[in-house]
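See structure below.
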Amino acid sequence: MNWKIPDYGALIARLSPSPGVVDMVLDTDTYNEVDDQFALCYSLLSPEKLRVKRIYAAPFYNDRSSGPEDGMERSYEEIIRLLKTMGHYRGGFVFKGSKSYLPGAAAFVDSPAARDLVSLSMQYTPENPLYVAAIGAITNVASALLMEPAIAERIVIVWLGGNTPDYPHTDEFNLTQDVHAARAVLDSGAALVLVPCMGVASHLLTSVPEMESCLRGKNPVCDVLCDLFAEYGRGEYAWAKEIWDISAIAYLLNPEWVPTIITSSPLLTDSRHWARDPRRHPVRVAYMAHRNPIFKDMFNKLRMES
């Protein structure tokens, strides 16, 4: 794929955090773990900054699915279940994503989510972009970019993927599920805020006692999340769990909570390591996640959900 060379000044402008309320979509493999559920609820409960326009189900394949398509279908069902619990379910809001990963570097996978992302993105402008919070394999977003490269100038992607540049490798779940998609997004010239997992989102730990103390009994949504979290850590002792996916939402809410630097878009090697070429277009890369203000904000919003 020969991507259009982005205008440096315009790209830097899109990479600058927006001070006002932004429109966003959430691309999520919701059934994969327990953290996507928190990110979904957190985004919907933050209307002071985020207008959630769509939710897309992303594919995944691990011991909680029989393959990428099954992972996507299970995620779609989990999204619907959570939205109904929150009273946020409505038609034309949730879309099924890809049934498979990209078969090649320039070959998209057609899906309702990818087509809707193209259609929705084209309603925005470089000066007023659509924000895309992606917290799973980035197949749907890459497919949309390959379908219509013009959307690269109309979106800002905040993706939880890979590990920090100084980590021994970047063999991380979201990234390695679809390497072709990761490379497509990194090469596309779209405005990208990359939130590494190990070294950044890995700071976002919580525990069963904290969950029970802060959320249990406050409302049905809090109880659902407490039950999910407790089941995930059943039988563990002195245990805490990363709620990785809220990092992307936290960046959109307050960039000071997830500080970033501007650097060149990394290259992904076949051995799952980052490589650098300073001539490549700029992206933002997070280097820290401040755990306490993020969890305080999220817990307060969850407790107030009625």
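The values are calculated or read from the model by the stated rules, or taken from the named source; none is laboratory data. Every value quoted in this text rests on a predicted model; they were computed, and no experiment measured them. All Cβ positions, even for glycine, are placed from backbone atoms using ideal geometry, and neighbour counts span all protein chains on display. Just so you know, the surface numbers come from the protein's heavy atoms only, side chains and all, with ligands and any DNA or RNA stripped out. Shrake-Rupley method; radii C 1.70, N 1.55, O 1.52, S 1.80 Å.
If the chain linking TYR287 and THR263 were pulled fully straight, counting 0.36 nm for each residue of separation and taking away their Cα-Cα distance, it would gain 7.5 nm. Using the 1.4 Å probe convention, the accessible area of the chain works out to 40 Å² per residue with neighbouring protein chains retained.
With 32 Å as the limit, the listed pairs LYS4/LYS84; LYS4/LYS96; LYS99/LYS241 have LYS4/LYS84 beyond it between alpha carbons.
Once the chain from VAL22 to ASP227 is taken as fully extended at 0.36 nm per residue, the excess over their C-alpha distance is 70.6 nm. For region 1-95, the set of GluC sites (Glu not before Pro) satisfying both a DSSP loop assignment and a count of at most 14 other C-beta atoms within 10 Å is given as GLU48.
The string of couplings for region 93-106 from the Karplus curve (6.51, -1.76, 1.60, θ = phi - 60°) is 10, 10, 10, 6, x, 5, 8, 8, 7, 4, x, x, 5, 10 Hz, one whole number per residue in order, with x for Gly and Pro. Compared with the direct C-alpha span, the chain from ASN2 to GLU77 gains 23.3 nm at full extension, assuming 0.36 nm per residue.
Answer rounded, prolate or oblate for region 267-306, using the Cα gyration tensor with square roots of eigenvalues a ≥ b ≥ c: rounded when a/c is under 1.5, else prolate when a/b is larger than b/c, else oblate. Judged from the Cα gyration tensor, region 267-306 comes out prolate (a/c at least 1.5, a/b above b/c). On C-alpha positions alone, give me the angle between the axis of helix 68-86 and the longest principal axis of the chain, in degrees, nearest 10. Its long axis makes an angle of about 50 degrees. Taking a ≥ b ≥ c as the square roots of the eigenvalues of the Cα gyration tensor of region 150-306, is the shape rounded (a/c under 1.5), prolate (a/b larger than b/c) or oblate? In terms of gyration-tensor shape, prolate. Stokes-Einstein diffusion of region 149-201 at 4 °C, 1.567 mPa s viscosity, Kirkwood radius from Cα pairs, rounded to a whole number: 112 µm²/s.
Just in region 56-91: which chymotrypsin sites (Phe, Trp or Tyr not before Pro) are loop by DSSP and have at most 16 other Cβ atoms within 10 Å?
Within region 56-91, the qualifying chymotrypsin sites (Phe, Trp or Tyr not before Pro) (loop, at most 16 other Cβ atoms within 10 Å) are TYR89.
Please express the Cα-Cα pair-distance distribution P(r) of the chain as a list of whole percents, one per 10 Å bin, running from 0 to the bin with the greatest distance. Distribution as computed: 6, 30, 39, 20, 4, 0 percent.
Against the main long axis of the alpha-carbon atoms of the chain, helix 220-232 sits at an angle near 80°. At an R0 of 35 angstrom, the distance between the Cβ atoms of TYR89 and ASP277 translates into a FRET efficiency of 0.20.
Just in region 197-293: which GluC sites (Glu not before Pro) are loop by DSSP and have at most 15 other Cβ atoms within 10 Å?
Here the sparse-neighbourhood loop sites are GLU236, GLU256.
In the chain, the longest principal axis of the Cα atoms and the axis of helix 291-304 are about 60 degrees apart.
Among the protein heavy atoms of the chain, carbon and sulfur supply 51% of the accessible surface, probe 1.4 Å, non-protein parts ignored.
Using only the Cα atoms of region 4-141, construct the convex hull and provide its projected area averaged over every direction, in square nanometres to one decimal.
Computing the convex hull of the Cα atoms and averaging its projections yields 9.0 nm².
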